[in-house]
1. Give the number of residues within region 90-120 that are at pLDDT 95 or above, assigned to a loop (DSSP other than H, G, I, E, B) and either among the polar types (S, T, N, Q) or crowded, with 16+ Cβ neighbours inside 10 Å (or both).
2. What number of residues within region 87-107 satisfy the criterion of being in contact (Cβ under 8 Å) with a residue 12 or more places away in the chain, hydrophobic (A, V, I, L, M, F, W, C) and out of contact with any helix residue (DSSP H, G or I) (no Cβ under 9 Å at 6 or more places or on another chain)?
3. Return a yes/no flag: does region 58-66 have any residue that is of a type in the set (Gly, Ala, Ser) and modelled with pLDDT of 95 or more.
4. Across region 36-70, which residue is farthest from the chain's Cα centre (by Cα) among those that are in contact (Cβ under 8 Å) with a residue 60 or more places away in the chain and assigned to a loop (DSSP other than H, G, I, E, B)?
5. Would you mind stating whether Ile82 is out of contact with any Pro (no Cβ under 7 Å at 6 or more places or on another chain) and assigned to a strand (DSSP E or B)?
6. Of the residues in region 1-14, how many are farther than 26 Å from Val76 by Cβ and either touching a helix residue (DSSP H, G or I) at 6+ places or on another chain (Cβ under 7 Å) or surrounded by fewer than 12 Cβ atoms within 10 Å (Cβ to Cβ) (or both)?
7. Is it the case that region 80-91 has a residue that's in contact with a Ser or Thr (Cβ under 8 Å, 6 or more places away or on another chain), of a type in the set (Val, Ile, Thr) and farther than 21 Å from Glu11 by Cβ?
Amino acid sequence: MADATLLETFENPHPDRDYLVEHKVHEFTSTCPKTGHPDFGKILIRYVAGRTCVELKSLKLYLQSFRTDGIFYEDVTNVMLIDLVRVCAPKWMMVKTIWTPRGGIHSVITAEHGRDPRSR
């Protein structure tokens with residue numbers, strides 16, 4: 001399973017301001033639990049930081065830890081959200097996974113935590 005202990009954070013340099021942090025991952029791989037074949041996708045992580053932000057090298061290592069997991073698209077997306085929220089406690093976070101079409105079906109999964117404070 002993915003290793004959430006790889007995730008690290010740093011202090012938010014502007015905790016008094018609600019601003020958007022966006023990380024785009026263009027190459028992500030996990031494994032289909034039914035076939036054992038690799039699944040390829042892209043990931044978009046957006047969040048409004050609380051007191052901490054996720055450190056990028058640790059995020060990269062965390063995402064790579066999914067490579068050998070037999071895990072469905074929906075679970076990948078929600079596990080990432082749960083792990084990232086647990087580590088950096090954002091005011092709001094969204095994880096979107098966009099999967100390479102398989103069998104003519106293109107899947108996009110979106111999971112959110114909290115409410116975007118910028119939308120008030």
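1. Number of matching residues: 4.
2. Qualifying residue count for the region: 3.
3. yes
4. For region 36-70, the residue satisfying everything is Asp69.
5. On the way: out of contact with any Pro (no Cβ under 7 Å at 6 or more places or on another chain): yes; assigned to a strand (DSSP E or B): no.
It is false that Ile82 is out of contact with any Pro (no Cβ under 7 Å at 6 or more places or on another chain) and assigned to a strand (DSSP E or B).
6. Taking region 1-14 and keeping what is farther than 26 Å from Val76 by Cβ, we get 11-14.
Then keep just the ones that are either touching a helix residue (DSSP H, G or I) at 6+ places or on another chain (Cβ under 7 Å) or surrounded by fewer than 12 Cβ atoms within 10 Å (Cβ to Cβ) (or both); that gives 11, 13-14.
Residues in region 1-14 being farther than 26 Å from Val76 by Cβ and either touching a helix residue (DSSP H, G or I) at 6+ places or on another chain (Cβ under 7 Å) or surrounded by fewer than 12 Cβ atoms within 10 Å (Cβ to Cβ) (or both): 3 in total.
7. no
The values are calculated or read from the model by the stated rules, or taken from the named source; none is laboratory data. This one's a predicted model, so the numbers in the text were calculated from it and none came from an experiment. Every residue, glycine as well, gets a Cβ built from its backbone with ideal geometry; the counts of neighbours run over all protein chains shown.
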